[in-house]
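Input: a single structure, listed below in structure tokens.
The values are calculated or read from the model by the stated rules, or taken from the named source; none is laboratory data. Nothing here was measured: the structure is a model prediction, and the numbers come from that model.
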Amino acid sequence: MKDSSHFVQSIFVLLFSCLTLFPFAQTKKEGIKFNSLNSVGMLNGEMTSNFTMQTINGIAYKRFFTGIGVGIDNYGYRTIPVFFDIRKSFGNKPIKPLIFVDFGIGFHSKTDQLPEKWWNGMTNYTIKNSFCGEWGLGVEKAIGTSSFFVTASYALKKFAYTQNVYWDYGPQGTTLNRFNLSYNRIVLRMGIRF
């Protein structure tokens, strides 16, 4: 746990340095343009911290942005979230506050944790793609025609699966165990928008 707190402190020192040391960019006339946002971060939960990354591509107009994103979430069971992103920045200064919301579907990634088949070829786990969402705030610093951003947010991920248990002894048959899980995380991200 100490290692993760030192890691978070180091990230904040690095981010503060980046935001204060980069030269101020000149403001330009804003119109509709394509933007790509690419970020890495940490998902912090009660027991562990996990790495995450995502890319979001879409259109920006003035201080609004909307796009479609994809990422990797390695907490609980690994998923590939595909989502819509809507965000807005405030003000005309080189350093701007921003808010955002993401919502979409987390597609499960095949792992050995939940194998689809038993050794005899019969179905073992059936996994359902489920809702994922994230909302938060941050700051964005203009760097030429690009910008550097830092966000803090709350993430919710649903994960549902059915376990098929086959009985080969006694009265033969199948038992279905259904699991519906919710994962709540605090997320720290940093990235580049260009």
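Numbers below:
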| read-out | value |
| --- | --- |
| Conditions (1) assigned to a strand (DSSP E or B); (2) at pLDDT 75 or above; number of the one not met by ASN92 | (1) |
| Evaluation of LEU137 against (1) modelled with pLDDT under 85; (2) assigned to a strand (DSSP E or B) (one fails), failing number | (1) |
